[in-house]
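Working notes, beginning with the structure itself.
Each reported figure results from applying straightforward, stated rules to the coordinates on display, with no laboratory input. These figures come from a predicted structure and were not determined experimentally. Here the Cβ positions follow ideal geometry from the backbone for every residue, glycine too, while neighbour counts run over all protein chains shown.
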Amino acid sequence: MSRSARLTVVLGLNAVLVGALLVVGLSAHSLGVLAEGVDFLADAAGIGVSLFAIGLSKRPSSQRRPDGYPNATAIAALVNGGWLLIACVLVAVVSIERLATTTPKVHGLPVLVMSAVAAAVMLVGAFVLSLDTSGAESGDEGGNLNMRAVVLDTAGDAAAAAGVAVAGVVILATRGWFWVDPATALTISLVVGVRAAQLLKRVARVLRTGEPVV
């Protein structure tokens, strides 16, 4: 399966889940599930950018661009990591606001079911992406970085969904610990945000110096 085909599969998985997550998040009053939906939407947009960048990188050189588009996929990785970092900051701000004021009643069962399904689907997506070897075979460091960004986003989605599913279990068991929902969303946003920042640093080094990333 080609790199573009793998990205298209995961794009489809994201698109299917976004609507369901937003509906369940609103009906269950769950910030965690809404954060999942926003994160999946950002990832879908990022994958779209990745597919566009791959198309650009394959274009032949021209008189206007004699070297073609050698940095297209690395720039896509920069965009993906940046969007993920922004989404994490927004989720963290809203989570802190809920923890500092009042957390509305959260319905635990739909949170648990939807998040468990989302986690399973994104694990499949991350596995599909992790099998890609086309960048290593061609020596495309930018493409490898771009795929690393997408795999990170997808794995982060799975981890976030799993965390929210656990929060749903706690809410169901306690019938009142609604603060667990924003607390979980805050924790996930911090963890994924740190990883996104690390990725952005590596991408910036490649764009600046052309050094390989380890």
Check: Quick one: net charge of residue 33's neighbours, Cβ under 13 Å, K/R +1, D/E -1?
Finding: -4
Notebook entry, point to check: Arranged from highest to lowest average of other beta-carbon atoms within 10 Å per residue, in what order do the peptides 19-25, 33-39, 46-52 appear?
Noted result: 33-39, 46-52, 19-25
Next item on the list: Calculate one ³J(HN,Hα) per residue across the range 23-38 by plugging θ = phi - 60° into the Karplus curve 6.51 cos²θ - 1.76 cosθ + 1.60, and present them in order as whole Hz with x for glycine and proline.
Entry: 5, 5, x, 5, 6, 8, 6, 9, 5, x, 5, 4, 4, 4, x, 5
Note to self: Using each residue's phi in the range 181-191, evaluate 6.51 cos²θ - 1.76 cosθ + 1.60 at θ = phi - 60° and report the 3J(HN,Hα) Karplus result to the nearest Hz, with x for Gly and Pro.
What the structure shows: 4, x, 5, 5, 4, 5, 4, 4, 5, 5, 5
